[in-house]
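Bear in mind that the values in this text are calculations on the coordinates, not laboratory data. Keep in mind that what you see is a predicted model, and the values were worked out from it rather than measured. Cβ sites come from the backbone with ideal geometry, for glycine too, and all protein chains shown count toward neighbours.
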Amino acid sequence: MFNKFFGKFSQDIGIDLGTTNTLVYVKDKGIVINEPSVVAINTRNNQIISIGEDAKRMVGKTPGHILISKPLTNGVISDFEITEKMISHFLKKIHQENFSLSPRPRVVIGIPLNVTEVERKAVEDATRSAGAKEVYLVEQPLAAAIGSRVPIQEPSGFMMVDLGGGTTEVAVISLGGVVTFNSLTIAGQELDDNIIQYARENFNLLLGQKTAEEIKIKIGSVSGFTNEKEETVMRGRDLISGLPKEVAVNSLQIREAIIRSVRQIVEAVRDTLEKTPPELVADIYTRGMLLSGGGANLKGLDALIAQETRVPVHIVDDPLTAVVRGTGIILEDMDNLQEVLLPSATD
């Protein structure tokens, strides 16, 4: 009775709970939150100082008593309490202009493929503890396909490659389910780490994670994209003198830094195709495969995958938001899309 009463003053929401970013979709409003999955905590009193963009700006700049936490690792919860507080913060932010009673929304959350029942339960429990009335889970490649308006319930093969911050998910979808898949922990953060390692080994330069990510976004590319050489500077600490240092780098050097990890992603796509039934492979060859997630924006990645697999590759519209758009479409059409939801791990 109380859930039904509170629900009248709530807004059903969809969440893409990502390693790097959390995106929130509100029914009838669209995407209202796109913020880093980062929390800043004062360890002296165990209080949260800031969440999201404000917390990310503090990374690498905090005094000893402020801890920067990234409570999701490879798309799953690594710190239950912090994740609960982060979700609660976003729910309150959405409802702050609404009626003052406690919000009790229905929530659809995108999670990685191949998560354990324990990990699924952790997501459900954290979201309920944060104030949700009902929690539904959907696998991220399915959500990305729905968000890209792919008719997943047809007896046809579709291939989604969702490149997130912590995981890369490769899935062949037909009749509303995943037929074959591959999930690996090589994704956006791994490429950032590659750039940090390259700077250390070649320039004796220690880079921060945020700096590496900015370099990747600015000049990162893979073979086959362009012959033009883009340049930028990277700034960090000289490992020999301990003093600040600035080094000019170009896109060819960054390509050298990340190409090994990129080739592992391409290999995962090839492996998935090799495990796919031939009738579905024929469909995929005709339609092409779809890239979603922030990693889909890496220049030349689509061309490289197409070259290596001999399958056309298309980047979906606004790939970063495909998963959360999919959760929103599920909310809008829950009756027809009920079959794509995972069974509850708390039942």
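Please work out how much length the chain gains when fully extended from Asp193 to Gln153, using 0.36 nm per residue of separation minus the C-alpha to C-alpha distance, in nm with one decimal. Provide the component values of the computation, followed by the final result.
On the way: separation 40, 0.36 × 40 = 14.40 nm, distance 3.82 nm.
Extra length from Asp193 to Gln153 when fully extended: 10.6 nm.
Fewest to most neighbouring Cβ within 10 Å: what's the order for Val161, Val233, Val269? Present the calculation step by step, with values, prior to reporting the outcome.
Numbers: Val161 28, Val233 9, Val269 21.
So the residues, fewest neighbours to most, are Val233, Val269, Val161.
What residue among Gly293, Gly177, Gly110 shows peak mean-square fluctuation when the chain is described by a Gaussian network model with Cα springs under 10 Å?
Gly177
Of Lys61/Lys218; Lys61/Lys121; Lys210/Lys299; Lys56/Lys229; Lys92/Lys133, which ones are farther than 24 Å apart at the Cα? All intermediate terms of the calculation are to be shown ahead of the outcome.
On the way: Lys61/Lys218 22 Å; Lys61/Lys121 34 Å; Lys210/Lys299 19 Å; Lys56/Lys229 30 Å; Lys92/Lys133 14 Å.
Listed pairs above 24 Å: Lys61/Lys121; Lys56/Lys229.
Per DSSP H run of at least 4 residues, take -39500 (n - 2.57); add these up for the chain, divide by its residues and hand me the 222 nm value, nearest 500 deg cm²/dmol.
Numbers: 12 runs with 132 residues, N = 347.
After summing the helix terms and dividing by residue count, I get -11500 deg cm²/dmol.
Taking the Cα centroid of segment 32-86 and of segment 300-343, what is the distance between the two, rounded to the nearest whole Å?
Between the Cα centres of segment 32-86 and segment 300-343 lies a distance of 28 Å.
Could you work out the Kirkwood radius for the chain, taking every pair of different alpha carbons, averaging 1/r and inverting it, reported in Å? Display every interim value, and only then the final one.
Working: mean 1/r = 0.0473 Å⁻¹.
Computed over the chain, the radius equals 21.1 Å.
When you count, for each residue, the other Cβ atoms within 10 Å and take the mean per peptide, how do 58-69, 195-206, 316-327, 18-29 rank with the highest first?
Working: 58-69: 13.1, 195-206: 17.7, 316-327: 24.7, 18-29: 21.0.
Order by mean packing, descending: 316-327, 18-29, 195-206, 58-69.
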